[in-house]
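Below: the structure, in structure tokens.
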Amino acid sequence: MTPSPTLSPSDVFVAMMARDVRVMRRELPFFLLRTLMQPLLLMLVFGFLLPKMGNIPQAYVGTLFPGVLALSIALSSIQSVALPMSVSFSVSKEIEDRLLAPIPTRLVALELVVMGTLQGLVTALVVFPLGKLIIGTIPGLALADFAELGAVMLLSAAAFSAIGLFLGCAVAPQHIGLLFSFVVGPMIFFGCAYYPWRGLDVVPVMKYAVLLNPLVYVSEGMRGALTPGVPHMPLLVVTAALLVMLGIFWRIGLNAFMKRAVG
């Protein structure tokens, strides 16, 4: 009798990724509708209409555009992990199929974060050309260092996917709406997506309080990579902060995942 082939954990991991990529491709219209609506409306109103009407200066677009991209990456990454996780653990029980796979449980959690990172990057790659199409000329836009931009995008998507892993395991599905009202809402408005962090010099207390907001580093990193002429945090500081956030939320997210998986 020919022995059945043994799958390695890496083979199973790749198979799970391939399955999720197929699902994402099948549901791509719904995924894009969910993640693109808010960024596109922001760019249409604040990046096109208001500058055309003379209500805000055209130069403001150079501040807004990187912030909208940062917001797109953050929201897409966190939603792509948190929402399905919350439902899978309590309603659909789909997570049980993943946990029965011949692969360490921590790799199941890692696959979810990697998939969330991929979806965050896909969102950014779609928002960028659409933003250029809607806004037109973006003052100060520079695409000289693609490696720098790619590193900021990758770290940002990974960090917010790890945050999504933690929130998806820690928050019950009936409270997921409150989560986005009381956590994500303030995070957006105080995440320097609509204004540069250095602009808060006039309110020193707020300037340092917002440093607890992970979105601040994504917004400032995107400004440093896309519109370096706009005041921004040093990219070295941004990179270090994103790495620290990724490490912290991956650890606490993994712990929460392991508790839910064995519970």
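The values are calculated or read from the model by the stated rules, or taken from the named source; none is laboratory data. Worth saying up front: this structure is predicted, and the values here are computed from it rather than measured. Heads up, the Cβs are rebuilt from the backbone with ideal geometry, glycines too, and the neighbour counts pull from every protein chain shown.
How do the pairs read when you match residues in the range 50-78 that are in contact (Cβ under 8 Å) with a residue 12 or more places away in the chain with residues anywhere that are of a type in the set (Ser, Thr, Tyr) and assigned to a helix (DSSP H, G or I), using Cβ under 6 Å and keeping only pairs 6 or more apart or on different chains?
Gly67/Ser219; Ala70/Ser219; Ser72/Thr123; Ile73/Ser156; Ser76/Thr35; Ser76/Thr123; Ser77/Ser161
Among the listed residues Val113, Val91, Val126, Val122, identify the single one that is β-branched (Val, Ile, Thr) and modelled with pLDDT under 85.
Every option except Val91 fails the conditions.
Limited to the range 180-214, what total is found for residues that are out of contact with any Phe, Trp or Tyr (no Cβ under 8 Å at 6 or more places or on another chain), assigned to a helix (DSSP H, G or I) and closer than 16 Å to Val68 by Cα?
Qualifying residue count, the range 180-214: 7.
Is it the case that some residue within the range 66-81 is surrounded by 22 or more Cβ atoms within 10 Å (Cβ to Cβ), over 30 Å from Gly199 (Cβ atoms) and not hydroxyl-bearing (Ser, Thr, Tyr)?
Yes; the residues of the range 66-81 include at least one that is surrounded by 22 or more Cβ atoms within 10 Å (Cβ to Cβ), over 30 Å from Gly199 (Cβ atoms) and not hydroxyl-bearing (Ser, Thr, Tyr).
Is it true that some residue in the range 184-195 is at positive phi, out of contact with any strand residue (DSSP E or B) (no Cβ under 7 Å at 6 or more places or on another chain) and not small (Gly, Ala, Ser)?
Yes: one or more hits.
All but one of (1) modelled with pLDDT under 85; (2) loosely packed, with under 13 Cβ neighbours inside 10 Å hold for Leu36; which doesn't?
Just one mismatch for Leu36, condition (2).
Taking the range 214-263 on its own, how many of its residues are polar (S, T, N, Q), buried (at least 18 other Cβ atoms within 10 Å of the Cβ) and closer than 23 Å to Val183 by Cβ?
Qualifying residue count for the region: 1.
Among the listed residues Gly224, Gly247, Gly253, identify the single one that is on the phi < 0 side of the Ramachandran plot and without any contact (Cβ under 8 Å) to a residue 60 or more places away in the chain.
Exactly one residue qualifies, and that residue is Gly247.
Filter the range 44-65 down to the residues that are surrounded by 13 or more Cβ atoms within 10 Å (Cβ to Cβ), part of a helix (DSSP H, G or I) and more than 18 Å from the chain's Cα centre (by Cα) and list them by number.
Within the range 44-65, Leu44, Phe46, Gly47, Phe48, Leu49, Leu50, Pro51, Tyr60, Val61, Gly62, Thr63 meet the criteria.
Quick one: in the range 99-136, of everything that is assigned to a loop (DSSP other than H, G, I, E, B) and in contact (Cβ under 8 Å) with a residue 24 or more places away in the chain, which residue is surrounded by the most Cβ atoms within 10 Å (Cβ to Cβ)?
Checked the range 99-136; the qualifying residue surrounded by the most Cβ atoms within 10 Å (Cβ to Cβ) is Ile103.
Under 7 Å by Cβ, and 6 or more places apart or on different chains, what pairs join a residue from the range 1-14 that is modelled with pLDDT of 80 or more with one that is surrounded by 10 or more Cβ atoms within 10 Å (Cβ to Cβ)?
That search, which allows pairs on different chains as well, returns Val12/Ala101; Val12/Pro102; Val12/Ile103; Phe13/Ile103; Phe13/Leu107; Phe13/Glu111.
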